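Read-outs throughout are calculated quantities, based only on the coordinates presented, and are distinct from any laboratory measurement. Here the structure is a predicted model, which is why all the values come from computation and not from measurement. All Cβ positions, glycine included, derive from the backbone under ideal geometry; neighbour counts span all protein chains shown.
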Amino acid sequence: MKVPHNAHVAIVDGERFILMQNTGKPFEPELKTLEEPDLTNSNYSAGVRHQDDIGQRLGRTQLEELAHGAAVAECLNAKAIAGEIENILIVADPKSLGEMRNHYHSELEKRIVGEIDKTVTGESSDRIAKIIAES
């Protein structure tokens, strides 16, 4: 996948959020970590969609993970609106990515250069760069 030079890369799962930047070439990304924000989960709007009896009994609701996805989207929205992000690639596990999409602001949507639905938060930055290049 092509990732512009200096583009931001958001690495997300249900518990972690790492913001990186591509310091390499578009087809040969090299990632450096910018920050790992400590977010407060406050948007539990996904709970409306996940209140079924069976899901609650089987423990499939995972509201904290979904609220984390919403918090990440809100953080990225603020950065996009403030002009801190020009281009961004989002790499997230499928459940978090789905929830994040529900909260994207139009300013953030304009800046998204791609999305990869894969869990990579436990990988090294070199391995993540390789995954991105191969996508």
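Of His105, His8, how do they rank once you tally other Cβ atoms within 10 Å and put the fewest first?
His105, His8
Tell me which aspartates and glutamates have Cα within less than 15 Å of Lys32's Cα, excluding those fewer than 8 residues away on the same chain?
Glu123, Asp126
Just to check, using Stokes-Einstein with a Kirkwood Rh over alpha carbon pairs, what's the diffusion coefficient of the chain at 4 °C and 1.567 mPa s in µm²/s?
The Stokes-Einstein estimate is 86 µm²/s.
If you add up the charges near Gly122, with Lys and Arg at +1 and Asp and Glu at -1, over every other residue whose beta carbon is less than 12 angstrom from its beta carbon, what do you get?
With Lys, Arg at +1 and Asp, Glu at -1, the net is -1.
Which order do Arg127, Arg111, Arg16 fall in if you start with the one that has the fewest other Cβ atoms within 10 Å?
Least to most surrounded, the residues fall as Arg127, Arg16, Arg111.
Based solely on its DSSP helices, what 222 nm [θ] is calculated for the chain when runs of n ≥ 4 H residues each add -39,500 (n - 2.57) and the sum is averaged over all residues, nearest 500 deg cm²/dmol?
Estimated from H runs of four or more residues: -10500 deg cm²/dmol.
Work through the residues other than His5 whose Cβ is under 13 Å from its Cβ and net out their charges, Lys, Arg +1 and Asp, Glu -1.
Around His5, the charge tally is 0.
For helix 125-134, report the angle its Cα long axis makes with the longest principal axis of the Cα atoms of the chain; keep it between 0 and 90° and round to the nearest 10°.
90
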